[in-house]
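Structure record follows, encoded as structure tokens.
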Amino acid sequence: MAMPSLEKAARGEGSFVAEKDDAELVRLFREEPDSLIALADAVCRSIHGDAVYVRGLLEITNRCARDCAYCGLRSSNRGVHRYRMDVDEILERVKRAFDSGMRSFVLQGGEDGYLKDDEVAAIVSAVKGATRGEAAVALSLGVRTRASYKALRDAGADRYLMRFETSDPTTYASLKGGERLERRIEALMDLRDLGYELGSGFMTGLPGETEDTVIANAFLCRELDLDMVGIGPFIPHPETPLNGEQGSSMELAERATALVRCLLPFAHMPATTAAGSLDPRGRERMWMAGANVVMPNIGGSDRRKDYLLYPGKICLDEDFTTCMGCLSLRVAACGKRLDLSKAPALRRKT
Ligand code: SAH
Ligand code: SF4
């Protein structure tokens, strides 16, 4: 498939698929999921072409002060071997991926109180330096103060990823130890204000949620005018209070991806590792439903094994080269190809 001109698309020119009105999209979501998925796929290809952008993911700390009810890294889970990567380990991993052409990195972790602003800032500037300023650095370290986000932005961070998890305030507070959803949204607004490219998103199928919650989540993504949206199926972890809950179907996560793609045609959307863990073809299903990004793990396998947000996480042993080989075959089966470039946020100028 020919690459459309992204610049043209960003100017609102060119032939991307016309947007449908909201009520019709919701009807398709409820009644004709296959049509919604086909539409989302067409919207995605008309704007992003056949590119699947690669973001190298490094899980820099699994220490977390929070006790989110869904997450295997929650502080009450004493069975986790906790680690924090030092700058040398981070740089070694980033450099290897950079040398193979990767230009976009995500540094993720728990809300690790020991990772003070100056330490994270030092990591960010070291990564920017080691990649000669040519790579984009995204952080995903949860809620921090505005001053902290500013310090990290000043150190060179380009992007921030932080899901709102659910748009239902009651569910949010009950799963996040009483934290209010407004606090998370306020933090997202701070990030936007400070000039970060902004990523957020949600899990599908959290206990008590309905299709209406998924629809409200999708509309919240548009309201927040996100540059990136990550959607993953909830997978119950045995060492959490949600052990024994049902978890999400792949179909729901796929449909949610399609709805968000139709609402936010320009956003970058990963086919998430959680989708690939729930269903062997989960990521392919997301690339065929509007996703245009993949985030392979570039850390060592020992680290990956200690970063189990949910059980059954895939790709724990594969090294980086094997991962890239496997992924290029997987995207090719969807009529797409890997693209290692920085791929900045794409916004339609109005
Ligand atoms: N501490 C940061 C980032 C790490 S958690 C934060 O919370 O924002 C990254 C994401 O993993 C979370 O946003 C959540 O959506 C997802 N996650 C956690 N537990 C999960 C589970 N059991 N199933 C699926 N996704 C999960
Ligand atoms: Fe910590 Fe994030 Fe897991 Fe919550 S979801 S326990 S903040 S790592």
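Brief remarks on what is shown
- Label point distance in nm, Glu92-Arg146, each placed 7 Å from Cα along Cα→Cβ: 4.1 nm
- Equivalent ellipsoid dimensions for the stretch 71-124 as semi-axes, Å, which come from the Cα gyration tensor, largest first: 25, 14, 10
- Of all DSSP beta bridges confined to the chain, the antiparallel ones make up roughly 5%.
- Highest mean packing comes first when the peptides 254-261, 168-175 are listed by Cβ atoms within 10 Å, giving 254-261, 168-175.
- If you take all other residues with their beta carbon under 15 Å from the beta carbon of Arg330, and give Lys and Arg +1 and Asp and Glu -1, the sum is 0.
- Euclidean distance of C-alpha centroids, the stretch 305-333 and the stretch 243-285, integer Å: 16 Å
- Table column - 3J(HN,Hα) (Hz), the stretch 94-107, Karplus curve with 6.51, -1.76, 1.60, x for Gly and Pro: 5, 4, 4, 5, 4, 5, 8, x, 6, 10, 8, 10, 10, 9
- The three principal axes of the C-alpha atoms in the stretch 111-195 carry coordinate ranges of 45, 24, 18 Å, sorted with the longest axis first.
- Compared with the direct C-alpha span, the chain from Tyr114 to Asp306 gains 67.3 nm at full extension, assuming 0.36 nm per residue.
- Over the chain, relative contact order from alpha-carbon pairs under 8 Å, at least 6 apart, %: 25 percent
- Surface/4 estimate of mean projected area, convex hull on alpha-carbon atoms of the chain, nm²: 15.8 nm²
- Under 15 Å, Cβ to Cβ, from Gly282 - net charge with Lys/Arg +1 and Asp/Glu -1: +2
- The helix-only estimate of mean residue ellipticity at 222 nm for the chain, built from DSSP H runs of length n ≥ 4 each weighted as -39500 (n - 2.57), is -12000 deg cm²/dmol after division by the residue total.
- Surrounding net charge for Arg27, when Lys and Arg each add one and Asp and Glu each subtract one, Cβ distance under 13 Å: -3
- Residues Lys176, Lys150 arranged by fewest to most Cβ contacts within 10 Å: Lys150, Lys176
- Over the stretch 245-350: Rg over Rh, Cα atoms, Kirkwood Rh: 0.98
Taken together, the values in this text are just the output of simple stated rules run on the coordinates, not laboratory data. For clarity, every value in this text was computed on a predicted model and none was experimentally measured. Neighbour counts run over all protein chains shown; Cβ positions are idealised from the backbone, glycine included.
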